[in-house]
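Heads up, the thing below is written out as C-alpha cells.
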C-alpha cells in the first residue's frame with residue numbers, strides 16, 4: 001500500500017503546538033515531532049512499509065508502523081484508493097490557489113452544525129453587551145476639518161420608479177472632465193450610509209448597537225465605512241474625506257492623491273482616475289466580529305459590501321450620475337492613506353462617480369426622468 005501526505009489541509013503554530021487543520025472535514029490534530037517527520041517522509045508516494053527500514057530495531061520499526069497507521073486513520077496520510085477525490089478537489093481550486101480553497105472549506109457549515117436558537121442567541125448577546133459593549137456603529141475623526149453635507153430637498157431628487165432605475169443602471173467607465181456637485185454627492189452618500197429615518201429601534205437595538213440603513217447587513221452590524229477621494233467636487237478641495245453619517249458631513253483626512261495615485265490604488269485601472277470622485281469602501285471588522293465570532297462572518301462582510309455598493313449604483317443612476325465598481329485594489333496603499341489597520345479595518349473596493357460621457361452619456365440621458 002502506497003501513502004502520501006494529504007494536500008487538503010493546512011498547518012500552523014498555535015501556542016508552541018504544530019496544528020494540522022483538516023479544513024475539509026473540520027478536524028484539527030496536534031502533530032508531534034515524529035508525525036511531522038513522517039509527513040515529510042511521505043511527501044511523495046511511498047510504500048507504507050518503507051518506514052520500517054528507518055527503525056533502529058524491530059521495536060522502533062513497529063512504533064513507526066503504529067504512527068503511520070494512526071496518521072492514515074486521521075486522514076493526514078492518504079492511500080492511493082482515497083486519492084481520487086482529493087485530486088479532483090485540488091484541480092477544481094487550482095486557479096484560485098490554496099488560500100481560496102482553505103477559506104471556502106474552513107467557513108462551510110456542515111450538516112451537523114448546530115445553529116443558534118434565536119432567543120438563546122439574543123440572550124447571549126445581551127449578556128455579552130453587559131460585559132463587553134458593542135463597538136461604535138460609525139467611525140469619526142474629531143478634530144479634523146469638517147464640511148457639512150448639503151442634501152437635496154428637491155422632490156425629484158430620487159423621483160424615478162424602481163423599475164426605471166434598475167433597468168437603466170449601467171457600469172460607467174467614461175466620465176466627463178467636469179465636476180459633480182457637493183449636494184449630489186452628499187445626497188447619494190446620506191441615502192446610502194445614513195441611518196434609516198423611518199425604521200424604529202427597539203431596546204435590544206440600542207443595547208446591541210444595531211443600525212438600519214437602506215441596504216441590508218448581517219445582524220444589522222453594518223461594518224462598511226465610506227471614504228471619498230474628491231477629485232472634481234464643487235465645494236470640496238481635492239483629497240480624502242470620511243463621510244460621517246451622524247454629523248452628516250465630510251471629515252477632511254488631510255491626504256490628497258494625484259490622479260496617478262488613484263489609478264495605482266485601483267490596480268492601474270485608468271478609467272477610475274477619470275472620475276470626479278472615488279468612493280473607497282472599508283469594513284470595520286469588530287462590528288460584525290462582536291456579534292458573530294465565527295470565520296463564516298467574513299463571508300457576511302463581503303455580502304454587506306455587495307448590498308451597499310449596489311445601492312450606491314442605483315442612487316447614482318437615480319441622480320443621473322455614472323458609477324462603476326471595482327474590487328481590484330491595492331489594499332496596502334489604501335490602508336496607508338486612510339490610516340487603516342489591516343487586522344481591524346480592511347479596504348474592500350471602490351466606486352468611481354462622475355458625469356457619464358460618450359456612449360455612457362447617451363444612455364444616462366435616455367434614462368433621466370422627464371423635466
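Within the stretch 265-275, not a single residue is surrounded by 21 or more Cβ atoms within 10 Å (Cβ to Cβ), under 28 Å from residue 220 (Cβ atoms) and more than 16 Å from the chain's Cα centre (by Cα).
Inside the stretch 245-275, can you point out the residues that are within 18 Å of residue 150 (Cα to Cα) and in contact with a helix residue (DSSP H, G or I) (Cβ under 9 Å, 6 or more places away or on another chain)? Write out each step before concluding.
Just the residues of the stretch 245-275 that are within 18 Å of residue 150 (Cα to Cα), to begin with: 245-252.
Across the stretch 245-275, the qualifying residues are 245, 248, 249, 250.
Checked against the criteria, residue 67 does not count as more than 28 Å from the chain's Cα centre (by Cα), surrounded by 10 or more Cβ atoms within 10 Å (Cβ to Cβ) and at pLDDT below 90.
Being touching a strand residue (DSSP E or B) at 6+ places or on another chain (Cβ under 8 Å) and at pLDDT 95 or above, is that true of even one residue in the stretch 293-303? Step through it out loud before you land on a result.
In the first step, residues of the stretch 293-303 are kept if they are touching a strand residue (DSSP E or B) at 6+ places or on another chain (Cβ under 8 Å); the result is 301-302.
Those left that are additionally at pLDDT 95 or above: 301-302.
Yes: one or more hits.
Filtered by the rule that a residue be on the phi < 0 side of the Ramachandran plot and either out of contact with any helix residue (DSSP H, G or I) (no Cβ under 8 Å at 6 or more places or on another chain) or not in a strand (DSSP E or B) (or both), the stretch 72-87 gives 72, 73, 74, 76, 80, 81, 82, 83, 84, 85, 86, 87. In summary, no helices (runs of 4 or more DSSP H) completely within the stretch 159-246 bear 3 or more residues that are touching a strand residue (DSSP E or B) at 6+ places or on another chain (Cβ under 7 Å) and at positive phi.
Summed over the stretch 168-205, residues that are more than 12 Å from residue 245 (Cα to Cα) and touching a residue at least 12 places away in the same chain (Cβ under 8 Å) total 21. Restricting attention to the stretch 237-253, the residues being modelled with pLDDT of 95 or more and surrounded by fewer than 21 Cβ atoms within 10 Å (Cβ to Cβ) number 6.
Do you know which of the residues in the stretch 92-146 that are touching a helix residue (DSSP H, G or I) at 6+ places or on another chain (Cβ under 7 Å) and without any contact (Cβ under 8 Å) to a residue 40 or more places away in the chain is surrounded by the fewest Cβ atoms within 10 Å (Cβ to Cβ)? Don't jump to the end; show me each part of the working.
Of all residues in the stretch 92-146, those touching a helix residue (DSSP H, G or I) at 6+ places or on another chain (Cβ under 7 Å) come to 93, 100-101, 107, 122, 125-126, 129, 134-135, 137.
Remaining after also requiring without any contact (Cβ under 8 Å) to a residue 40 or more places away in the chain: 93, 100.
Values: 93: 17, 100: 11.
Only one residue fits best here, namely 100.
Selection of the stretch 322-342 for residues being in contact (Cβ under 8 Å) with a residue 60 or more places away in the chain and either loosely packed, with under 14 Cβ neighbours inside 10 Å or not in a helix (DSSP H, G or I) (or both) yields 322, 323, 324, 325, 326, 328, 329, 330, 339.
A quick yes/no check of all residues on (1) closer than 12 Å to residue 353 by Cα; (2) without any contact (Cβ under 8 Å) to a residue 12 or more places away in the chain; (3) outside the structural domain of residue 138 (by TED's automatic domain parsing):
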{"residue": "248", "(1), (2), (3)": "no, no, no"}
{"residue": "255", "(1), (2), (3)": "no, no, no"}
{"residue": "273", "(1), (2), (3)": "yes, no, no"}
{"residue": "289", "(1), (2), (3)": "no, yes, no"}
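The values are calculated or read from the model by the stated rules, or taken from the named source; none is laboratory data. Everything quoted here is computed from the prediction, not taken from an experiment. With ideal geometry, Cβ positions are generated from the backbone for all residues, glycine too; neighbour counts draw on all protein chains shown.
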